[in-house]
Structures are given as C-alpha cells and as structure tokens.
Amino acid sequence: MSDCIFCKIINGDFNTEFVYENEYAVVFRDINPKADTHLLVVPRKHVESLNELDDEFLLGKLMMTVKEAAKKAGLKSYRTVINTGKEAGQEVFHLHIHILAGSIKL
Ligand code: 5GP
Ligand code: ZN
C-alpha cells in the first residue's frame, strides 16, 4: 500500500532500525513509546487490522515473532496489545502487535 506508513517503513523508506525481522514480520521501536520498551511487530504483508486477517498461519507466525523479538530484546515479562478499529485506539491501519515492558503508561 503506497500511502501506508508501516508499508513505507518495511520498504526501508525511513531507514528505520529493525530490532528483529524474519520472513513474515519486522519489529521496530514505537516512535512515541508508552513503556520503557515499546516495540511494534508488523507483518510484511499489508493487512488493515485483525478484522481483515483470515490467515491463521500468519497470525501464528506473528505471535512467534513477538516471543522471538522479546527474547532478543532481553524481555522476560511483557504485555502484548492489538488495537482493532478507530474507537479502540487504532491509529495506523496496518495490523501490528505492541510489545510493552517496564513502566507501562497504557
Ligand atoms: P495503534 O494506535 O495504531 O495501535 O498504534 C500505532 C503506533 O504506531 C503508535 O503507538 C504510534 O506511536 C506508532 N507510530 C506511528 N507512526 C510511526 C512511525 O512513523 N514510526 C514508528 N516507529 N512508530 C510510529
Ligand atoms: Zn501497510
């Protein structure tokens, strides 16, 4: 999606550092962190939100990516959040899973 900020990040348009990546997803730091560590797990494939996801294989891979990225970041204890829909606080309409650890302001 050409006008999607996360697609642009995945494409390397902003030189965003990936703290972890694999075949299915990239992981980078949230620009406006709501915890000591705030990472975003973002599928390489553009899917608007969880409501548009019908690929349970990808969902499994994304959750495994959460675990792997948390381990790489040295996190033993963390919260995962998926905001689905504007009223629930979704601002970027490219599916992503938040990983929050440390002092969480959410
Ligand atoms: P949402 O509210 O959609 O669940 O989460 C979107 C998150 O993306 C927000 O926490 C916001 O701070 C983050 N974000 C928005 N634009 C950018 C960006 O350009 N770069 C990074 N690293 N994070 C972003
Ligand atoms: Zn996208």
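The values are calculated or read from the model by the stated rules, or taken from the named source; none is laboratory data. Keep in mind it's a predicted model, so treat the numbers as computed, not measured. Because the Cβ atoms are built from the backbone with ideal geometry, glycine has one as well, and the counts that use them run over all protein chains shown. Accessible surface areas use protein heavy atoms only, side chains included; no ligands, DNA or RNA. Shrake-Rupley method; radii C 1.70, N 1.55, O 1.52, S 1.80 Å.
Quick check on His46: is it touching a Phe, Trp or Tyr at 6+ places or on another chain (Cβ under 6 Å), part of a loop (DSSP other than H, G, I, E, B) and not aliphatic (A, V, I, L, M)? Against the criterion (touching a Phe, Trp or Tyr at 6+ places or on another chain (Cβ under 6 Å), part of a loop (DSSP other than H, G, I, E, B) and not aliphatic (A, V, I, L, M)), His46 does not qualify.
Checking each residue in segment 79-106 for being more than 14 Å from the chain's Cα centre (by Cα) and part of a loop (DSSP other than H, G, I, E, B) picks out Gly85, Gly89, Gly102, Ser103, Ile104, Lys105, Leu106. In segment 77-106, of all residues being modelled with pLDDT of 95 or more and among the basic types (Lys, Arg), the one that is nearest to Lys8 (Cα to Cα) corresponds to Lys86. Among the residues of segment 1-17, the one identified as among the aromatic types (Phe, Trp, Tyr) and surrounded by 16 or more Cβ atoms within 10 Å (Cβ to Cβ) is Phe6. Apart from one condition, Gly74 fits all of (1) more than 16 Å from ligand 1 (Cβ to nearest atom); (2) farther than 23 Å from Lys105 by Cβ; (3) open to solvent by less than 90 Å² (accessible area, probe 1.4 Å); the exception is (2). Taken over segment 53-71, the criterion of being open to solvent by 100 Å² or more (accessible area, probe 1.4 Å), closer than 28 Å to Ser2 by Cβ and part of a helix (DSSP H, G or I) is satisfied by Glu56, Phe57.
Consider segment 27-52 and keep the residues that are open to solvent by 30 Å² or more (accessible area, probe 1.4 Å) and hydrophobic (A, V, I, L, M, F, W, C). The one that is farthest from Gly89 (Cα to Cα) is Ile31.
Checked against the criterion of being touching a residue at least 60 places away in the same chain (Cβ under 8 Å) and buried (at least 17 other Cβ atoms within 10 Å of the Cβ), segment 87-95 has at least one qualifying residue. Does segment 77-106 hold any residues that are more than 12 Å from ligand 1 (Cβ to nearest atom) and either hydrophobic (A, V, I, L, M, F, W, C) or under 15 Å from Ser49 (Cα atoms) (or both), and which are they? Ala101, Ile104 - these are the residues of segment 77-106 that are more than 12 Å from ligand 1 (Cβ to nearest atom) and either hydrophobic (A, V, I, L, M, F, W, C) or under 15 Å from Ser49 (Cα atoms) (or both).
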